[in-house]
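The values are calculated or read from the model by the stated rules, or taken from the named source; none is laboratory data. These numbers were taken from a predicted model, which means no experiment stands behind them. Heads up, the Cβs are rebuilt from the backbone with ideal geometry, glycines too, and the neighbour counts pull from every protein chain shown. The area values use the complete protein model at the heavy-atom level, side chains included, leaving out ligands, DNA and RNA. Shrake-Rupley method; radii C 1.70, N 1.55, O 1.52, S 1.80 Å.
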Amino acid sequence: MQSTENRHVIALEVEDKPGVLTRISALFSRRGFNVESLTVGHTHQPGVSRFTIVVRAGEAELEQIRKQTQKLVHVLKTYHVLDREVEPDERMKAIMAASNQVQHAVMREMALVKVHYDAQSSRQINHVVEVFSARMLHWSGKDLVLEFSGTEAKIDAVFKELDSVSVLESVRTGKVAMSIEEEKVDL
Amino acid sequence: MASKTKGSPLPMTGAKALVRMMEDRGVEVIFGYPGGANLPIYDELRQSKIQHILTRHEAGAAHMAEGYARVAGSPGVCLATSGPGATNLVTGLADALLDSIPVVAITGQIHRNLIGTDAFQEVDCFNITMPVTKHNELIKHESDLVAAIDGAFYIANSGRKGPVLLDIPVDVQLANYPHDLKAKAILPGYQPTVRGNIGQIKRALRALDRAERPLVLIGGGVEASGAVAELLSLVRKCRLPVVRTLMATGVIGADDELYQGMIGTHGNSLANRLVNQDADVILAIGVKMSNRSIVKPELFAKKAKLIQIDIDPAEIGKNLPADIPIVGDIKETLRDMNRRIEEKPICGREPWILGKHKRSTTMLPKTDAARVMELVFDELSKIDQKLHVTTDVGRHQMWANHHMTNPKHLPLFTSGGLGTMGFGLPAAIGCWFADKETPVVNISGDGSFMMNMQEFLVAVEHKVPLTVIVLNDFRLGMIRELQNLKYGKRHIANDFNRDLDYPLLAQAMGGWGETIVDPKRIGPALKKAIQSRKPNILCFDLELLDQRANLSLKEKAG
Ligand SMILES: Cc1ncc(C[n+]2csc(CCOP(=O)(O)OP(=O)(O)O)c2C)c(N)n1
């Protein structure tokens, strides 16, 4: 069952019940699943929340993650979602053809960054704001709070570009994902 | 868990709603222990037809509920108070989870206003029991109570069975509320698959038919889904050889020519060879493929196609990849298989292996006490009447599991997943409450017995026809054996250094007992004990019995 570990995104629809976050995180920790990021929020359906969890796992383990989470009474649906920007390999294509539990998805991440804005850093910051279309959320006279959103690769690039300026605080949301049906055809 | 309410019923307390709902679900007996946080439920139980059994420790209550469930086929119920009452249930819940036994546990919780304040006897029962239950709920609103109770009984006894715990704050128990007792749990995320996919079933039958050396491997799931008859019908009709795990002891008789032994660490070398090397198609039924059964996953079924039937989809491919998975209830799936075989018989040739199972092939270390244990089990097997037999955990468990042969005493009830010492005595008592016609026997070691021996008093109080067989080696036999095998015979912490007078103890608790030191007494003592309607403890002194058995062998030889 050994296979190489890759990053995968699991989306869960859950009943919005007290303790559901604990149930999921306890399950991941008990079974030794590796979580890179986890986001959760309400959906348009009352009483239904959605988790997007980025895990590092081999194929068999990924299947276990999905099945074990599906066993939780309050979990409604589990999906393995694939970034549409990543071309699936042959195996993955076969799995996708066989299972409706694997879906293509668009994925986004958001970051908030507080930077010290002064004569020295202004050029680089202005550059980053422009290239990555950041929104300016707050200006204290010294510090600037910026909002970025985009693919994970884009957010990674933002942080790389901000390397040379002094970042005071930062936070990334982790991925959120939404499945897209029709993409299945142009595989 | 939402509920639909029609009209508005008259208000009643949460405690009353709980007791009424349990009555409606046919609960006959509850094993429990009171405390400040569950007294409203007790107050209600006074007026109920449900019998309450006051145990001597909450651990006893949990294991009794397991024993009851096993025999009754419906959930066993246990009840404890908050704090230490709840924590004392934890081992029993974990035991029931690992062996898929339906148990509904009710714990009182402190007043809602006090939750989170480190109040007296407050523990976070919800989070403590989450990983040791199939599902659990803390009831924060009286309006959720009825649906939660309905859901608890349903979830515990459906799909892969297991323990469900409801933690009910004392003020929810007391609150007057118009509970609609007919309201159902709405569980959109819980839909166990019952019928196996027919296409997969056909594929499985085709693979078995084509196999040259087909083998059936059975686990605890067969008994758990009540599918023993269906299993026997399948293997007899198709003449399929069978091996088993510890959890399927006695599902098929040890003398049956189709039976080829047990796999795993404590199994038979033949059975292990069959699964690892010889078979070309293995049909695994209700087996969780744990490390005790599948010692070397890289060897298991290496040359065989693996068909796996399990009600839990997560069991498929968990520890080993399956070639033909079938997700479904074992009883239903085997029925479907049997029906198809009626129409279109398969495996029309003589079995490739028959009657090869021999006692001599067990992988258990043959230590001094072993022969005496065999003598005891041989004599016990001669007692030709129906018995419910439980074991504890240790060497005696492994020997019992190989040497009990009377089909009237089997399947053996043992703690396989968790390996809980102290399980056997309360579990045996629980079995009796579900079937009062049948005497119960607990095969134990001195160490295991002492873990829950206080529950013997419950047997005395309720006149349970219980025989406890203590195979007394004056120590933790299995630990010593491990130290012999793996730690260069460096012994520590296995010797009790102080023996217990078992007959005196039994007498002190209102039963009777005997210490057996003469091999000739083994049979008569067992007969007398099992026929006695009074709880008793038979202490088999393995050292003296071994010496004397040796002596008589020498005398015979000389
Ligand atoms: C609650 C618990 N604690 C510790 C163990 C570890 N353990 C496994 S077997 C064993 C010895 C059992 O001794 P005894 O009941 O006398 O049986 P014997 O092996 O002598 O037949 C121990 C300590 C366990 N299984 N359960």
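State which residue is surrounded by the most Cβ atoms within 10 Å (Cβ to Cβ) when the search covers only the range B:365-409 and only residues that are within 11 Å of the ligand (Cβ to nearest atom) and assigned to a loop (DSSP other than H, G, I, E, B).
First, the residues of the range B:365-409 that are within 11 Å of the ligand (Cβ to nearest atom): B:367, B:369-370, B:373, B:391-400.
From the residues that got through so far, the ones that are assigned to a loop (DSSP other than H, G, I, E, B) too are B:367, B:392-394.
Working: B:THR367: 16, B:ASP392: 30, B:VAL393: 23, B:GLY394: 22.
So, considering only residues that are within 11 Å of the ligand (Cβ to nearest atom) and assigned to a loop (DSSP other than H, G, I, E, B), the one surrounded by the most Cβ atoms within 10 Å (Cβ to Cβ) is B:ASP392.
Would you call A:GLU13 within 11 Å of chain B (Cβ to nearest Cβ) and of a type in the set (D, E, K, R)? Full working, then the answer.
Details: within 11 Å of chain B (Cβ to nearest Cβ): yes; of a type in the set (D, E, K, R): yes.
Yes; evaluated as a whole, the condition is true for this residue.
Within the range A:2-40, can you find the residues that are over 16 Å from A:LEU72 (Cα atoms), surrounded by 15 or more Cβ atoms within 10 Å (Cβ to Cβ) and in contact (Cβ under 8 Å) with a residue 60 or more places away in the chain?
A:HIS8, A:VAL9, A:SER37, A:LEU38, A:THR39
With the condition kept exactly as written, say whether any residue in the range B:336-355 is within 14 Å of chain A (Cβ to nearest Cβ), outside any loop (DSSP other than H, G, I, E, B) and over 17 Å from B:LEU283 (Cβ atoms).
The initial filter retains those residues of the range B:336-355 that are within 14 Å of chain A (Cβ to nearest Cβ), namely none.
No, the range B:336-355 has no match at all.
Just the residues that are of a type outside the set (Gly, Ala, Ser) and within 13 Å of chain A (Cβ to nearest Cβ), please, taken from the range B:170-196. If you could, list the steps in order and put the result at the bottom.
Start the filter on the range B:170-196 by keeping residues that are of a type outside the set (Gly, Ala, Ser), which leaves B:170-174, B:176-182, B:184, B:186-188, B:190-195.
Hits for the range B:170-196 are B:ILE186, B:LEU187, B:PRO188, B:TYR190, B:GLN191, B:PRO192, B:THR193.
For a quick check of your reading: which strands (runs of 3 or more DSSP E) sit entirely within the range B:73-143 and have at least 3 residues that are buried (at least 23 other Cβ atoms within 10 Å of the Cβ) and away from chain A (no Cβ under 12 Å)?
Strands (runs of 3 or more DSSP E) meeting the threshold: B:76-80, B:103-109.
Name the pairs: first residue in the range B:441-460 and within 14 Å of chain A (Cβ to nearest Cβ), second residue assigned to a helix (DSSP H, G or I) and within 11 Å of the ligand (Cβ to nearest atom), Cβ to Cβ under 6 Å, at least 6 apart or on different chains?
Sorted first by the residue in the range B:441-460, then by its partner, the list stays empty.
Applying the selection to the range A:145-181, what residues are open to solvent by less than 40 Å² (accessible area, probe 1.4 Å) and not in a strand (DSSP E or B)?
A:THR151, A:ILE155, A:ALA157, A:VAL158, A:LEU162, A:VAL165, A:GLY174, A:LYS175, A:ILE180
Please go through the range B:433-447 and pick out each residue that is away from the ligand (no atom under 11 Å from the Cβ) and either in the same structural domain as B:GLU58 (by TED's automatic domain parsing) or outside any loop (DSSP other than H, G, I, E, B) (or both). I'd like the intermediate steps shown before the answer.
If we filter the range B:433-447 for residues that are away from the ligand (no atom under 11 Å from the Cβ), which is where we start, we get B:433-442.
Listed by number, the residues that qualify are B:PHE433, B:ALA434, B:VAL440, B:VAL441, B:ASN442.
With the checklist (1) modelled with pLDDT of 95 or more; (2) aromatic (Phe, Trp, Tyr); (3) open to solvent by 10 Å² or more (accessible area, probe 1.4 Å) in hand, flag the one item B:PHE496 doesn't pass.
(1)
Any chance you could count how many residues in the range A:69-79 are farther than 23 Å from B:ALA148 by Cβ and either at the interface with chain B (Cβ under 7 Å from one of its Cβ atoms) or not polar (S, T, N, Q) (or both)?
The initial filter retains those residues of the range A:69-79 that are farther than 23 Å from B:ALA148 by Cβ, namely A:78-79.
Cutting the leftovers down to either at the interface with chain B (Cβ under 7 Å from one of its Cβ atoms) or not polar (S, T, N, Q) (or both) gives us A:79.
Residues flagged as farther than 23 Å from B:ALA148 by Cβ and either at the interface with chain B (Cβ under 7 Å from one of its Cβ atoms) or not polar (S, T, N, Q) (or both) within the range A:69-79 amount to 1.
Inside the range B:433-473, can you point out the residues that are open to solvent by 10 Å² or more (accessible area, probe 1.4 Å) and among the aliphatic types (A, V, I, L, M)?
If the condition is that a residue be open to solvent by 10 Å² or more (accessible area, probe 1.4 Å) and among the aliphatic types (A, V, I, L, M), then B:ALA434, B:MET450, B:MET451, B:MET453, B:LEU457, B:VAL460 are the ones that fit.
Could you list, in sequence order, all residues of the range B:471-508 that are within 13 Å of the ligand (Cβ to nearest atom) and either on the phi > 0 side of the Ramachandran plot or outside the structural domain of B:ASN442 (by TED's automatic domain parsing) (or both)?
B:PHE474, B:ALA493 - these are the residues of the range B:471-508 that are within 13 Å of the ligand (Cβ to nearest atom) and either on the phi > 0 side of the Ramachandran plot or outside the structural domain of B:ASN442 (by TED's automatic domain parsing) (or both).
For (1) among the hydroxyl-bearing types (Ser, Thr, Tyr); (2) modelled with pLDDT of 95 or more, each residue gets a yes or a no:
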residue: A:LYS17; (1), (2): no, no
residue: A:ILE24; (1), (2): no, yes
residue: A:SER29; (1), (2): yes, no
residue: A:VAL35; (1), (2): no, no
residue: A:GLN45; (1), (2): no, no
residue: A:VAL48; (1), (2): no, yes
residue: A:HIS74; (1), (2): no, yes
residue: A:MET96; (1), (2): no, no
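Just to be sure, is A:GLY141 open to solvent by less than 40 Å² (accessible area, probe 1.4 Å), part of a loop (DSSP other than H, G, I, E, B) and out of contact with any helix residue (DSSP H, G or I) (no Cβ under 8 Å at 6 or more places or on another chain)?
Working: open to solvent by less than 40 Å² (accessible area, probe 1.4 Å): no; part of a loop (DSSP other than H, G, I, E, B): yes; out of contact with any helix residue (DSSP H, G or I) (no Cβ under 8 Å at 6 or more places or on another chain): yes.
When the stated conditions are applied, A:GLY141 does not pass them.
Could you tell me whether any residue of the range B:18-35 is in contact with a Phe, Trp or Tyr (Cβ under 6 Å, 6 or more places away or on another chain) and over 21 Å from B:LEU174 (Cα atoms)? Even if it seems obvious, please write down each step before you answer.
Quick first cut of the range B:18-35, residues in contact with a Phe, Trp or Tyr (Cβ under 6 Å, 6 or more places away or on another chain) only: B:25, B:29, B:34.
Imposing the further condition that a residue be over 21 Å from B:LEU174 (Cα atoms) reduces the set to B:25, B:29.
Scanning the range B:18-35 turns up at least one residue that is in contact with a Phe, Trp or Tyr (Cβ under 6 Å, 6 or more places away or on another chain) and over 21 Å from B:LEU174 (Cα atoms).
Conditions first: (1) more than 16 Å from B:ILE330 (Cβ to Cβ); (2) more than 14 Å from every other protein chain (Cβ to nearest Cβ); (3) not acidic (Asp, Glu). B:GLY199 passes all but one, so which condition is the exception?
(2) is the only condition that B:GLY199 fails.
Out of B:GLY430, B:GLY422, B:GLY417, I need the residue that is open to solvent by less than 10 Å² (accessible area, probe 1.4 Å), within 13 Å of the ligand (Cβ to nearest atom) and not β-branched (Val, Ile, Thr). Which one? Talk me through it step by step, then tell me what you get.
Details: B:GLY430 fails: within 13 Å of the ligand (Cβ to nearest atom); B:GLY417 fails: open to solvent by less than 10 Å² (accessible area, probe 1.4 Å).
Every option except B:GLY422 fails the conditions.
Could you say whether any residue in the range A:91-108 is in contact (Cβ under 8 Å) with a residue 40 or more places away in the chain, within 28 Å of B:LYS161 (Cα to Cα) and not in a loop (DSSP other than H, G, I, E, B)?
Taking the range A:91-108 first, the residues in contact (Cβ under 8 Å) with a residue 40 or more places away in the chain are A:93, A:96, A:103-108.
If we keep only those that are within 28 Å of B:LYS161 (Cα to Cα) too, we end up with none.
Taking every residue of the range A:91-108 in turn, none turns out to be in contact (Cβ under 8 Å) with a residue 40 or more places away in the chain, within 28 Å of B:LYS161 (Cα to Cα) and not in a loop (DSSP other than H, G, I, E, B).
Within the range B:282-307, which residues are more than 11 Å from chain A (Cβ to nearest Cβ), out of contact with any Leu (no Cβ under 8 Å at 6 or more places or on another chain) and of a type outside the set (Lys, Arg)?
Those that are more than 11 Å from chain A (Cβ to nearest Cβ), out of contact with any Leu (no Cβ under 8 Å at 6 or more places or on another chain) and of a type outside the set (Lys, Arg): B:GLY286, B:SER290, B:ASN291, B:VAL295, B:LEU299.
Going through the range A:20-46 one residue at a time, which ones are touching a Leu at 6+ places or on another chain (Cβ under 9 Å) and more than 14 Å from chain B (Cβ to nearest Cβ)? Give the steps one after another, and end with the answer.
Here is the first cut: in the range A:20-46, the residues touching a Leu at 6+ places or on another chain (Cβ under 9 Å) are A:20-21, A:23-25, A:27-28, A:33, A:38, A:40.
Within the range A:20-46, A:LEU38, A:VAL40 qualify.
For the range A:47-61, name all the residues that are within 14 Å of another protein chain (Cβ to nearest Cβ) and open to solvent by 10 Å² or more (accessible area, probe 1.4 Å).
Here is the first cut: in the range A:47-61, the residues within 14 Å of another protein chain (Cβ to nearest Cβ) are A:47-51, A:57-61.
Answer for the range A:47-61, where residues must be within 14 Å of another protein chain (Cβ to nearest Cβ) and open to solvent by 10 Å² or more (accessible area, probe 1.4 Å): A:GLY47, A:VAL48, A:ARG50, A:GLU59, A:ALA60, A:GLU61.
Only residues that are surrounded by fewer than 20 Cβ atoms within 10 Å (Cβ to Cβ) and within 14 Å of chain A (Cβ to nearest Cβ): list them for the range B:326-335, please.
If the condition is that a residue be surrounded by fewer than 20 Cβ atoms within 10 Å (Cβ to Cβ) and within 14 Å of chain A (Cβ to nearest Cβ), then no residue fits.
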